[in-house]
Ligand SMILES: [Zn+2]
């Protein structure tokens, strides 16, 4: 089957626990072992306390829709999902914000609300790559 | 830092020979035309240049090499479209300390035609964490900031449209502006949906264009061809590359830091400005910048664009060249608001001249309000 989305590239070594987790249906987040705060994107130093003692936790997969856009076109020829689709910025329960798509809801600004509760849905792309999408929380 | 205020002046400004759609002009030529024109505007010679400042794909070394000069000061700080505004501050420091005597800040970008352009940039973060979801291109990010602003402050699509209408009114008075016909709020609301909350008329142009600014110390500026425009204050700030890491989405920390520094150096307060230039890649940018710069409370920036305040004849003219929305936007727009502010301070702007303009603010962003540069310019010391 033809890919509908550009695959994540180039994968960086410090992000591999994130991608390995998604393949197993887990949303993993880097979290500092010293100050206990999570962050995103994965990196080797904690942006909150600057410790290099950074580990990983499994996120709950719950959060809120911090902000959104409705795309009526695509600027990337490798992104083949038919518009309109929803660009989503999700603030996870653990604190960090990540980009995704909001699915299983009408792409209508009268329906989509900032701060609405959302939950993760996993979507397999290839044997190596699974990504996290979000839908309104059940 | 107050000792830096008024020590340096902008003595030359100009665009490339033409701006717009220029498939037969390379990006490098846009630079060289602009430098040539701005140096002539200053009444100086290219051989006088000994400091080169530029951002983007071409290094300051290449510009010097192309001009056949060997600069003794170079700066290639590339932090988005405001880089050129930031570089006015960098040039100020270098000139003040005698590290160079004549500085040129140059921009050339074949943003529309891609002539003589090699695209290459680091994509390790956006490639992994954003592009799989359809992100890519400024409109897919700046809308996030804009939607959140609407959620927190109740800003409406009509409010953003006011910015496009005001800016187009100014463009109608600038013969170099790409779009000059007046528009209405309804025109903006009826234009083609692109990325909610943006329709086509909420988004800047994409053009080919260059521009350059020449600076020297105030003592030497008096001998140049045109009235010097003094750099009274300069500031910069940098917060994020990924908009997910912008701490408070409708408020730009980089802009607040940058503005405070520039205002302090210049010993000015908000009410001292009678002319304002704000980087307008999107209609929501200028109001959010006014809020982040402390001109008003969060959520109230759109008020500057209501009731004709910012328009020709208004009490606080904003984006008098017609802006990135209607005049030109090559990609890294930041050189152009500087050029316009200098022309306003010289009184060269014809139909769009702000009567008695004596204090201009130039504030720009890089990325998605990720970085900021602010300068305060005046023809008076
Ligand atoms: Zn920490």
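Between residue B:300 and residue B:36, the distance separating the two model label sites (each 7 Å from Cα on the Cα→Cβ line) works out to 5.0 nm. Inter-part distance, segment B:322-381 to segment B:167-231, computed on C-alpha centroids, equals 8 Å. Taking segment A:40-63 and a reference point 7 angstrom along Cα→Cβ of residue A:93, the backbone N atoms nearer than 17 Å belong to A:57-63.
Largest GNM mean-square fluctuation across B:61, B:11, B:165, computed for chain B with C-alpha springs under 10 Å, falls on B:61. Taken residue by residue and averaged, Cβ atoms of other chains lying within 10 Å of the Cβ of B:139-152 number 5.
Of the beta bridges in the protein assembly as shown, as assigned by DSSP with both residues counted there, near 85 percent are antiparallel.
Taking segment B:1-40 and a reference point 7 angstrom along Cα→Cβ of residue B:272, the backbone N atoms nearer than 11 Å belong to B:5-6. With neighbours defined as other Cβ atoms within 10 Å of a residue's Cβ, the residues B:184, B:371, B:283 order from fewest to most as B:184, B:371, B:283. By the beta-carbon count within 10 Å of each Cβ, the least crowded to most crowded order of B:158, B:3, fewest first, is B:3, B:158. Note on chain B: GNM, Cα springs under 10 Å; of B:327, B:230, B:141, the largest mean-square fluctuation is that of B:141.
Note on segment B:1-80 and segment A:23-101: Cα centroid distance 40 Å, given to the nearest whole angstrom.
Exposure proxy shown here: for B:246, B:359, the number of other Cβ atoms within 10 Å sets the order, fewest to most, as B:359, B:246.
If one takes the longest principal axis of the Cα atoms in chain B, at what angle in degrees, from 0 to 90 and to the nearest 10, does the Cα axis of helix B:83-96 lie? Between helix and principal axis, roughly 30 degrees. Mind running the shape call on the protein assembly as shown? Use the C-alpha gyration tensor, a ≥ b ≥ c as the square roots of the eigenvalues: rounded below 1.5 for a/c, prolate if a/b tops b/c, oblate otherwise. Prolate, because a/c is 1.5 or more and a/b exceeds b/c.
Of all the options A:91, A:106, A:69, the one that moves most in a Gaussian network model of chain A with Cα springs shorter than 10 angstrom is A:106. Helix B:139-153 sits at what angle to the longest principal axis of chain B, using alpha carbons and giving 0 to 90 degrees rounded to 10? On a 0 to 90 degree scale, this one is about 60.
Remark: mean inter-chain Cβ contacts per residue of A:105-115 equal 2, using a 10 Å Cβ-Cβ cutoff to other protein chain atoms. Contact order, relative form, for segment A:13-136: 23 percent (alpha carbon pairs under 8 Å, 6 or more residues apart, mean separation divided by residue count). The slack between residue A:2 and residue A:35, meaning 0.36 nm per residue of separation minus the straight C-alpha distance, is 7.5 nm.
Relative to the current alpha-carbon distance between residue B:260 and residue B:189, full extension at 0.36 nm per residue lengthens the span by 22.1 nm. Need one word for segment B:289-381: rounded, prolate or oblate. Basis is the Cα gyration tensor (sqrt eigenvalues a ≥ b ≥ c); a/c below 1.5 gives rounded, then a/b vs b/c decides. Rounded.
Coordinate-derived values only; no laboratory data. Everything numeric in this text was worked out from a predicted model, so none of it was measured. Cβ coordinates were reconstructed from backbone atoms using ideal geometry, including for glycine residues, and neighbour counts include every protein chain displayed.
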